[in-house]
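Engineer: Pasting in a structure now, in structure tokens, and then I'll have a few things to ask.
The values are calculated or read from the model by the stated rules, or taken from the named source; none is laboratory data. Predicted model only: the values in this text are computed from it and were never measured. Cβ placement follows ideal geometry from the backbone for every residue including glycine, while neighbour counts extend to all protein chains displayed. When the accessible area is computed, the model is the full protein with side chains, heavy atoms only, and any ligands, DNA or RNA have been set aside. Shrake-Rupley method; radii C 1.70, N 1.55, O 1.52, S 1.80 Å.
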Amino acid sequence: MEPEESLRRRVEEALRRAIGAILPTVPPELVTGDKHLRDLGADSVDRIEIILDVTARLGVDEPMSSFSDIPDIDALVDRLSRAVRA
């Protein structure tokens with residue numbers, strides 16, 4: 001089983017790559033844990049594309065509804081990390 005810190009770093013990196021692919025004009029330093037994807041300029045379609053991209057990168061199959069109440073990027077990383085472990 002992958003150590004928690006290593007898993008979290010892997011998920012964060014996959015999420016940063018997904019955000020970079022969907023929102024290429026967002027500087028990486030603005031992608032911080034306390035922000036919501038909306039804060040980065042992601043509209044509803046962008047947010048869906050980011051979730052689909054990052055779940056594909058991580059090889060997880062999660063229903064979109066499980067991401068509907070995510071308040072910020074830290075919580076998104078936590079949710080994705082749990083999905084990877086499942």
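Engineer: Debye calculation, C-alpha points only, no solvent: report log10 I(q)/I(0) for the range 42-86 at q = 0.17 Å⁻¹, in the same order as the q values.
Structural biologist: Once normalised to I(0) and log-transformed, intensities are -0.42.
Engineer: Connecting C-alpha atoms closer than 10 Å in a GNM of the chain, tell me which of 13, 49, 29 has the biggest fluctuation.
Structural biologist: Evaluated over the chain, the most mobile residue of the options is 29.
Engineer: With a 10 Å cut-off between alpha carbons and a GNM built on the chain, which of 30, 52, 15 moves the most?
Structural biologist: Maximum fluctuation in the GNM of the chain, among the listed residues, is at 30.
Engineer: What are the extents of the Cα atoms of the range 1-51 along their three principal axes, listed from largest to smallest and rounded to whole Å?
Structural biologist: Over the range 1-51, Cα extents along the principal axes are 35, 20, 17 Å.
Engineer: Mind checking the angle between helix 44-58 and the chain's longest principal axis? C-alpha axes, 0 to 90 degrees, to the nearest 10.
Structural biologist: 30
Engineer: Using only the alpha carbons of the chain, determine the length spanned along each of the three principal axes and report them from longest to shortest in whole angstroms.
Structural biologist: Ordered largest first, the chain gives principal extents of 36, 26, 20 Å.
Engineer: Can I ask one more? Modelled label-to-label distance, residue 36 and residue 86, 7 Å Cα→beta-carbon offset: nm?
Structural biologist: The two pseudo-label positions are separated by 2.3 nm.
Engineer: Over the chain, average the accessible area per residue using a 1.4 Å probe and give it in Å², no decimals.
Structural biologist: Values: 5050 Å² over 86 residues.
Ligands and nucleic acids excluded, the result is 59 Å² per residue.
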